[in-house]
Amino acid sequence: MRDYCRLVDKIRFIIILFFIFYYAMLEESIFAYDNLLSWEECIILTKGNNPRLSMAKKDLEKAMVEIKTKYANYFPEINFSTDYTRTFNNLYGEYGVYSKGFSIEQALYTGGATPAEIEEAKANLSYKYAEYKKIELDEIFELKQVYYQLIKTMYQREVFEEILRRREKDVELIRLLYNAGREKKANLLQAEAEVSEVKLNINEANSQLKILKCKLNEIMGRNLDTPLEVKGELGIVDLEDSLSNILEEALANRPEIREVEAKINATKAQLKYAKSGILPQANFNYTYGWQDSRLFHGNENWTAKVSVDFPLFDRFITHYQIKGIRTELERLNLNKEMKRKQIELEVKEAYEDFLINKQSVDVATESLRARRVRADLCRLEYKQGMISFTDLRDAELDLSSAELNRLDALYNLNISLAKLKKVQAKE
């Protein structure tokens, strides 16, 4: 019976240990999953938390408030005033007077000034929105650069680890040949030194990963030391549209064009406002008040007035203001045409850059395949004593270089596509 109880206690203890270990592993996997971000999740975090985008959103809110402020000019201005005056003279002696009153002032006709101010405020809102989209495209492009650089560095570390395994095998082989008297000690030392160099490359890659994660967190508006892992790959990508479609979409959606168009609309509104200066202005004013030595009594009086002002001569100030605004309109139209040509050039450069990088990936892939075959053959020949250590080393270095070159080519291809989307005003 006692042995049975001991057996039950042991089984119970093992079960408890199992569940403790299971929940510990589960918690660790959940924590790692929470820190694993896809590209789409990185974009969501950037749009929601990026400090530069947050400031641009505040500018948008401010522009919206400005429109409401201009609409307020349509409403009357109502005021209430009260005062108490203490006076002394020889005829009446010392006495006090209370004055109270309301006043209402309403603009009846402003010559189109108020609608022009509203149009200018709306154009300013359009400008701020275009400015926001421009900042958004810049931040997302920077996010892509750091994101792909992070993935590239992760792949580089894997390549360096594979190179390290090959170099360590080479050192073992060279040491065996050296012990057999078939290899020089200098070659053995050289091979060992190259192993140390690859280990340094791995450490540099780990350090670079830490820096890139901090940069990615900064763009996404998170604390720099927030744990972070990304999932993605440097794949071979292709274009979705033709050059003509890309160019058409860029000219229609680029925020730089929208900014200039908003400035043109704002300047047209300024022109309307300036022209209102040569038109009559009509206002209505009504006042009601009472005055007495007692606070809640007094002699009531009211006044209603409609006034119309006709500008006759303002020393040509309005004339020259209109002339200056029209000149500014001409300048902005020229600037718009210049922006269109700049965008067309940017699109064509990005398009050609993508095509060249696509060819570079194909060349780098073929080169890697050939150098891998050559390196495998050189290892067999070196074991059989058919080639020297220098030949083997050259083949290994060529293979390592080809592996890293293909990574660079894939990175450049993905970045060139990101740049093409940016000039197309796409995320």
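Observations on the structure shown:
- Annotation note: of LEU209, LEU200, LEU251, LEU224, the sole residue that is in a loop (DSSP other than H, G, I, E, B) and among the hydrophobic types (A, V, I, L, M, F, W, C) is LEU224.
- Residue check for GLU218: of a type in the set (D, E, K, R) and exposed (fewer than 14 other Cβ atoms within 10 Å of the Cβ): no
- Of all residues in segment 209-248, those satisfying the criterion of being under 30 Å from LYS339 (Cβ atoms) and polar (S, T, N, Q) are SER242, SER244, ASN245.
- Test: residue in segment 405-413 that is polar (S, T, N, Q), buried (at least 20 other Cβ atoms within 10 Å of the Cβ) and modelled with pLDDT of 95 or more: yes
- Looking only at residues of segment 384-427 that are among the small types (Gly, Ala, Ser) and more than 13 Å from ARG371 (Cβ to Cβ), we find that the one that is farthest from the chain's Cα centre (by Cα) is GLY385.
Here is a yes/no grid of residues against (1) in a helix (DSSP H, G or I); (2) closer than 30 Å to LEU173 by Cβ:
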residue: LYS348; (1), (2): yes, no
residue: ASN357; (1), (2): yes, no
residue: LEU377; (1), (2): yes, yes
residue: GLU381; (1), (2): yes, yes
residue: GLY385; (1), (2): no, yes
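- Sub-7 Å Cβ pairs linking a first residue in segment 306-329 that is acidic (Asp, Glu) to a second residue that is not in a helix (DSSP H, G or I), at least 6 apart or interchain, are ASP309/PRO280; ASP309/GLN281, ordered by first then second residue.
- Hey, THR110 surrounded by 16 or more Cβ atoms within 10 Å (Cβ to Cβ), more than 30 Å from LEU410 (Cβ to Cβ) and in contact with a helix residue (DSSP H, G or I) (Cβ under 8 Å, 6 or more places away or on another chain) or not: yes
- Residue list for segment 242-256, restricted to those being surrounded by 17 or more Cβ atoms within 10 Å (Cβ to Cβ) and over 19 Å from the mean Cα position of the chain (by Cα): ILE246, LEU247
- Residue among GLU136, GLU77 that alone is closer than 29 Å to ILE415 by Cα, in the same structural domain as PRO255 (by TED's automatic domain parsing) and either in contact with a Phe, Trp or Tyr (Cβ under 8 Å, 6 or more places away or on another chain) or not basic (Lys, Arg) (or both): GLU136
The values are calculated or read from the model by the stated rules, or taken from the named source; none is laboratory data. All figures in this text were calculated on a predicted structure; none of them were measured in a lab. No Cβ is skipped: glycine too gets one built from the backbone with ideal geometry, and neighbour counts run over all protein chains shown.
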